[in-house]
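Input: a single structure, listed below in structure tokens.
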Amino acid sequence: MKPILSKAQLDYTKAKNMFENRAKVLEKEIAAKRALQEITQEVMEELVQATGFHDAYNELVLAENALIEWSHSTIKHEKTYRDNRVAIDALYENVNSSPEKRQELIQLSMKIR
């Protein structure tokens, strides 16, 4: 049976899939351009815009932020949160201190049911 996901979890999953698909398209376009010419910053910027990679990245960041905010408000109803409030709130406050911490919190957020 499929788990029931929240809107924030569904939106994140959708944005992540779109980002991964756009990244694959970008990689193919880069490989094709590289065969014809040198990849300069201007060429790369054009490819990023033309493939929709930039928009997909922005959507992913927004979905991640919404997921993190949703998970923080959702866990506030759990006994574990009430027992460890200071540590958990510190984790959420420092979510952007490193990409690894952010990714770990996103992965944990996706496990909330």
Do we have any residue at all in the range 26-48 that's under 30 Å from Arg113 (Cβ atoms) and of a type in the set (Gly, Ala, Ser)? no
Which of the numbered conditions does Ser71 fail, given that it passes all the others? Conditions: (1) exposed (fewer than 13 other Cβ atoms within 10 Å of the Cβ); (2) in a helix (DSSP H, G or I). (1)
Note: among Ser109, Ser97, just one is small (Gly, Ala, Ser), surrounded by 10 or more Cβ atoms within 10 Å (Cβ to Cβ), part of a helix (DSSP H, G or I) and at pLDDT below 95, namely Ser109
Can you name the residue in the range 44-88 that is modelled with pLDDT under 95 and charged (D, E, K, R) and, of all such residues, is nearest to Ala32 (Cα to Cα)? Lys76
If you take the residues of the range 3-44 that are among the polar types (S, T, N, Q) and in a loop (DSSP other than H, G, I, E, B), which of them is surrounded by the fewest Cβ atoms within 10 Å (Cβ to Cβ)? Gln37
Taking the stated definitions as given, is Arg82 out of contact with any Phe, Trp or Tyr (no Cβ under 6 Å at 6 or more places or on another chain), exposed (fewer than 15 other Cβ atoms within 10 Å of the Cβ) and either assigned to a loop (DSSP other than H, G, I, E, B) or among the small types (Gly, Ala, Ser) (or both)? no
Condition (residue is loosely packed, with under 11 Cβ neighbours inside 10 Å and either among the hydroxyl-bearing types (Ser, Thr, Tyr) or assigned to a helix (DSSP H, G or I) (or both)) applied to the range 45-64: is it met by at least one residue? no
Hits in the range 51-68 (condition: under 17 Å from Ile106 (Cα atoms) and in contact (Cβ under 8 Å) with a residue 12 or more places away in the chain): Tyr57, Glu59, Leu60, Leu62, Ala63, Glu64, Ala66, Leu67, Ile68
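The values are calculated or read from the model by the stated rules, or taken from the named source; none is laboratory data. Here the structure is a predicted model, which means the values were calculated and not measured. So basically every Cβ, Gly included, is an ideal-geometry build from the backbone, and we count neighbours across all protein chains shown.
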